[in-house]
Amino acid sequence: MAPGSASATGPATGGPPAELIFGDWYPALRTNVLKAGKTAKTTLLGIPVLLGRKNDATIFAMRDLCPHRGIPLSAGWFDGETVQCKYHGWRFEPCSGQCKEIPSLTSHDSLDPTKIFATAYPCVERDGFAWVYLPLPGAGRAAADLPPVPEVPKFSERFRSAHLVADLPCNVDHGIIGLMDPAHGPFVHQAWWWRSSASIHEKTKHFEPIPEGFRMSAHTPSGNSAPYKLLGVYGEPITTTIDFILPNRRYETIRCGPKWFSSLTTVTPITPSTCRIDVMAAWNIFYNIPFVTSIATYFGAKFVAQDQQTMIEQAEGLRSNPGLMLIDDADKPAKWYFALKQARLKGTGEHPLTGPVTLHWRS
């Protein structure tokens, strides 16, 4: 693409592949790299994707492939209105994918270029991300009745926000069950500002089914995590609710009277063997404290880096494709995830939770 283009790609290699869920929204990249008249490329679910921002500020996402001879469209040019292929100059409107010009045609040709379409995906800007809808293979252009675009829950007009990202050298299944794993905290996230292995104690949590996922019902957060203790300065009861929703989303909402913190964490497949974790957070707690966003981002980055390092080390063991196990009760959410995923992929099967469930574990 033209000078100034950006690239956002995940790791190229990883462990065993996972089956992927299409027909849903995925966060592609941060929109601050999409300047007017510029493009960026990334990979989602093994598909090369070209993103850009038109002169009118509209963002778009296309399969990075010319339908004529298969050259990546990113090798060509974008003038702020149309994407032009480098090979034969075919020109496309990027939001619809409609071909607007085939330079080689003459008055003797009857071909109507506007009946040709490059693949274009629905693309929406939300929470500083370009969310891209990837339809089921063979479904053609996406239908109009798409599911809602995910976003971070917000409970007041004034709030601060931050984003963290890390590439993981494992498939999306390992990324997700690591995300929802309740037992690794005292070991992976040992730190004076979080918790230690000496703080382990028995916990009881209540879960309930929700569409496409499950919820850890509202509860008082763990007393052995330092950040939660800080909220005690507000003198209000503190509750936390955690939702997991297919294909890859973990929502956490912490309420303390009128004060709140919420996050949306996603694990997005880059290829069948690699993925990327994004944490999008918003809050109004400690709103007027100087540098609170920088402080939160610093410690959040440390937290995510600990998960990333663990996944890098796990990937070494997974290269030999060993047999693995899931145990009750701590790994029950992972079992629910796999059951929900298979039901989604096959289009059959019941929700793994028929009603409220109580689990117990030590962490």
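Numbers at a glance
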read-out	value
Failed condition for Glu316, given (1) free of Cβ contacts under 8 Å to residues at least 40 places away in the same chain; (2) closer than 20 Å to Phe207 by Cα; (3) part of a helix (DSSP H, G or I); (4) not aliphatic (A, V, I, L, M)	(2)
Selected residue [under 17 Å from Ile176 (Cβ atoms), out of contact with any Asp or Glu (no Cβ under 9 Å at 6 or more places or on another chain) and of a type in the set (Ser, Thr, Tyr)] from Thr354, Thr348, Thr310	Thr310
Residue pairs meeting the criteria (Cβ under 8 Å; at least 6 apart or on separate chains; first in a loop (DSSP other than H, G, I, E, B), in segment 11-28; second of a type in the set (Asp, Glu) and modelled with pLDDT of 75 or more)	Pro11/Asp167; Ala18/Asp173
Tally of residues being in contact with a Leu (Cβ under 8 Å, 6 or more places away or on another chain) and open to solvent by less than 40 Å² (accessible area, probe 1.4 Å) across segment 38-82	18
Contacts under 9 angstrom Cβ, first residue in segment 88-112 being more than 20 Å from Lys41 (Cα to Cα), partner of a type in the set (S, T, N, Q) and part of a loop (DSSP other than H, G, I, E, B), 6 or more apart	His88/Ser104; Lys100/Thr82; Glu101/Thr82
Matching option when the condition is small (Gly, Ala, Ser), outside any helix (DSSP H, G or I), modelled with pLDDT under 95 and out of contact with any Pro (no Cβ under 6 Å at 6 or more places or on another chain), among Ala305, Ala301, Ala296, Ala218	Ala218
In segment 252-274, the residues that are within 15 Å of Tyr26 (Cα to Cα), out of contact with any Ser or Thr (no Cβ under 6 Å at 6 or more places or on another chain) and part of a strand (DSSP E or B)	Leu264, Thr265, Thr266, Val267, Thr268, Pro269, Thr271, Thr274
Subset of segment 61-86 (residues that are closer than 20 Å to Val124 by Cα and part of a loop (DSSP other than H, G, I, E, B))	Asp64, Gly80, Glu81, Thr82
Tally, over segment 83-97, of residues that are within 28 Å of the chain's Cα centre (by Cα) and open to solvent by 10 Å² or more (accessible area, probe 1.4 Å)	3
Selection status of Val267, open to solvent by 20 Å² or more (accessible area, probe 1.4 Å) and closer than 19 Å to Pro150 by Cβ	no
Residue match in segment 34-57 (condition: outside any strand (DSSP E or B), of a type in the set (Val, Ile, Thr) and over 26 Å from Gly347 (Cβ atoms))	no
Given (1) touching a strand residue (DSSP E or B) at 6+ places or on another chain (Cβ under 7 Å); (2) surrounded by 21 or more Cβ atoms within 10 Å (Cβ to Cβ), index of the condition Ser273 fails	(1)
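Matching residues to (1) part of a loop (DSSP other than H, G, I, E, B); (2) open to solvent by less than 40 Å² (accessible area, probe 1.4 Å); (3) in contact (Cβ under 8 Å) with a residue 40 or more places away in the chain; (4) closer than 30 Å to Gly23 by Cα:
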{"site": "Leu324", "(1), (2), (3), (4)": "yes, no, no, yes"}
{"site": "Leu340", "(1), (2), (3), (4)": "no, yes, yes, yes"}
{"site": "Thr348", "(1), (2), (3), (4)": "yes, no, no, yes"}
{"site": "Thr354", "(1), (2), (3), (4)": "yes, no, yes, yes"}
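The values are calculated or read from the model by the stated rules, or taken from the named source; none is laboratory data. Given the structure is predicted, the values throughout are model-derived calculations rather than measurements. Note that each Cβ is placed from the backbone with ideal geometry, even for glycine, and that neighbours are counted across all protein chains shown. Heads up: the accessible areas ignore ligands, DNA and RNA and are worked out on the full protein's heavy atoms, side chains in. Shrake-Rupley method; radii C 1.70, N 1.55, O 1.52, S 1.80 Å.
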